[in-house]
Protein chains: 2
Amino acid sequence: MKIITISREFGSGGRELGKRLADQLEFAYYDREIITEIAGKNELDEGYVTSILERGISHKFPVTFGRTFSYSAAAQQNATKLLVAQQRIIKELAAQGNCVIVGRSANIILHEYNPLNLFVYADMNSKIQRCRDRATEGEILNDNELRKKIKQVDAGRARYHELLTNLKWGAKEGYHLCINTTNLQIKELTPFVANYVNYRFGGDIK
Amino acid sequence: MKIITISREFGSGGRELGKRLADQLEFAYYDREIITEIAGKNELDEGYVTSILERGISHKFPVTFGRTFSYSAAAQQNATKLLVAQQRIIKELAAQGNCVIVGRSANIILHEYNPLNLFVYADMNSKIQRCRDRATEGEILNDNELRKKIKQVDAGRARYHELLTNLKWGAKEGYHLCINTTNLQIKELTPFVANYVNYRFGGDIK
């Protein structure tokens, strides 16, 4: 089983890299599909699942923080249940065959599968520009708002990661390769990463 | 001018990667050559230059630490003089043409040349094994001694780096690509890195 996990800073292009990599390697690709699966299995609305998972992760998650919190017992139970469901589904998807999984700390959850773990990052200006380029209409944020959003999203990812492991999110020691995408076109970067993946999985460089 | 700088943890195989990369790309390679050049220009013994540079960097370097120190004014002056000479020589070498420079914070010193900056790292067991494999006779250290040596050498590198810049040595933000060499053969890794370098310098992947 060849599994690639992609952890990424918001706006670094990691999701696009994962998608293109999966296309080029003919691997399955999982990202939002995980949410869809959780929602389906639990007969819940996808938006609801997303919001619970994000709230459970982004705010006061009782297991780690252990402080008083203004967070209802029911919401807490829901978040815990969905986090567990997410872990189970990630493992089920991984068991189906070669795949690229973006985010959701799959590098930690799938540790026993020896995944190839990539981390994608970029400098702040580059991330702001990338967010701006892919913004849909009606989603116009200024640079300060984007900077704030990027930091918030990444802080949530770091907290979720640190629920699961002692390794710090984004610390290079936890990854096989850390790729700085500042000023790069993801499309042009992809073949190089695909070569690296082939090398790491024991194949030749194409 | 195409300049590659390689920063590396002691025992990670970064030096070997730099040498092989230079061979494959037909770039000049500089590492100890820098010491030879400093020694030659200053009519000094190479061992002396090495020891002064390492002592100047590894121990109480007055410019940064600003504490009391048991370090003679003359030794201090020598260290400063040789550090400045090292910076000048690195710039002179870079100006001569395409090259790979290993260590000596060349990524910071050559900032104006827009070098491609790689960081090479590995987990501790892998570094200990690599040190053991390349040890010469009469240089037998046990694992604890090797661990201590690795940490000491890297601490010296970090201190020198942080004399020159606010960026933390080894923090991924300061590099274009961070490569984990744990359990890898550098010889097999090299073609992949060469491909990446060609891509970053605007060529095709070979």
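The values are calculated or read from the model by the stated rules, or taken from the named source; none is laboratory data. No experiment lies behind these values; they were computed from the predicted model shown. With ideal geometry, Cβ positions are generated from the backbone for all residues, glycine too; neighbour counts draw on all protein chains shown. What goes into the accessible areas is simple: the full protein's heavy atoms, side chains included, and nothing from ligands, DNA or RNA. Shrake-Rupley method; radii C 1.70, N 1.55, O 1.52, S 1.80 Å.
Place the label 7 angstrom along Cα→C-beta at B:Asn144 and in each other copy, then list the distances from the first to the rest in nm, shortest first.
Listed shortest first, these distances are 5.7 nm.
What are the ³J(HN,Hα) couplings of the stretch B:114-119, residue after residue, when phi is run through the Karplus curve with 6.51, -1.76, 1.60 and θ = phi - 60°? Round to Hz, x for glycine and proline.
6, x, 8, 10, 10, 10
Chains B and A: how much accessible area gets covered up at their contact, both sides added, probe 1.4 Å, in Å² to the nearest hundred? Don't jump to the answer; show the numbers that get you there.
Values: alone 11460 and 11480 Å², together 20980 Å².
Interface area, both chains combined: 2000 Å², rounded to the nearest 100.
Whose amide H sits under 5 Å from the amide H of B:Val120, counting only residues 5 or more places off or on another chain, with H placed in the peptide plane?
B:Ser7, B:Arg8, B:Glu9, B:Ile179
Report the Cα centroid-to-centroid distance between the stretch A:161-206 and the stretch A:105-143 in angstrom, as an integer.
Cα centres, the stretch A:161-206 to the stretch A:105-143: 13 Å.
Within the accessible area of chain B, what % is carbon and sulfur when the probe is 1.4 Å and the other protein chains stay in place?
Values: 4860 of 10480 Å².
Here it works out to 46 percent.
Ignoring ligands, DNA and RNA, what accessible area per residue does the protein assembly as shown give at 1.4 Å, in Å²?
Numbers: 20980 Å² over 412 residues.
Here the per-residue accessible area is 51 Å².
Convex hull volume of the Cα atoms in the stretch A:80-206, per residue, in Å³?
Numbers: hull volume 18.5 nm³, N = 127.
Here the figure is 145 Å³ per residue.
Name the residues of the stretch B:3-38 whose amide N is less than 16 Å from a point 7 angstrom out from the Cα of B:Ala95 along the C-beta direction?
In the stretch B:3-38, the label zone of B:Ala95 (backbone N under 16 Å from the point 7 Å along Cα→Cβ) covers B:38.
Enter the accessible area of A:Met124 (Å², nearest 10), with the probe set to 1.4 Å and all protein chains included.
A:Met124 exposes around 50 Å² with every protein chain in place.
Per residue of chain B, what 222 nm ellipticity follows from adding -39500 (n - 2.57) for every DSSP H run with n ≥ 4, rounded to the nearest 500? Write out the running numbers ahead of the final one.
Numbers: 9 runs with 114 residues, N = 206.
Taking each H run of at least 4 residues, the total per residue is -17500 deg cm²/dmol.
Going by the rotation axis that takes chain A to chain B, pick out the residue of A with the closest C-beta and quote the gap in whole Å.
In residue-and-Å form, the answer is A:Cys178, 2.
Quote the accessible area belonging to A:Cys131 in square angstrom, nearest 10, computed with a 1.4 Å probe and with ligands, DNA and RNA left uncounted.
10 Å²
Using DSSP H assignments, which helices in chain A have an axial alpha-carbon span of 24 Å or above and a mean Kyte-Doolittle hydropathy of -0.5 or higher?
Numbers: long enough: A:73-95 (33 Å, 0.14); A:143-164 (32 Å, -1.25).
Membrane-span-like by this rule: A:73-95.
Lone cysteines in the protein assembly as shown, going by a 4.7 Å Cβ-Cβ cut-off?
Within the protein assembly as shown, the cysteines lacking a partner Cβ under 4.7 Å are A:Cys99, A:Cys131, B:Cys99, B:Cys131.
For the stretch B:106-206, state which GluC sites (Glu not before Pro) are in a DSSP loop and have at most 10 other beta carbons lying within 10 Å of their beta carbon.
Working: sites: B:Glu112, B:Glu137, B:Glu139, B:Glu145, B:Glu162, B:Glu173, B:Glu188; in loops: B:Glu137, B:Glu139.
Here the GluC sites (Glu not before Pro) that fit, given the DSSP loop and packing criteria, are B:Glu137, B:Glu139.
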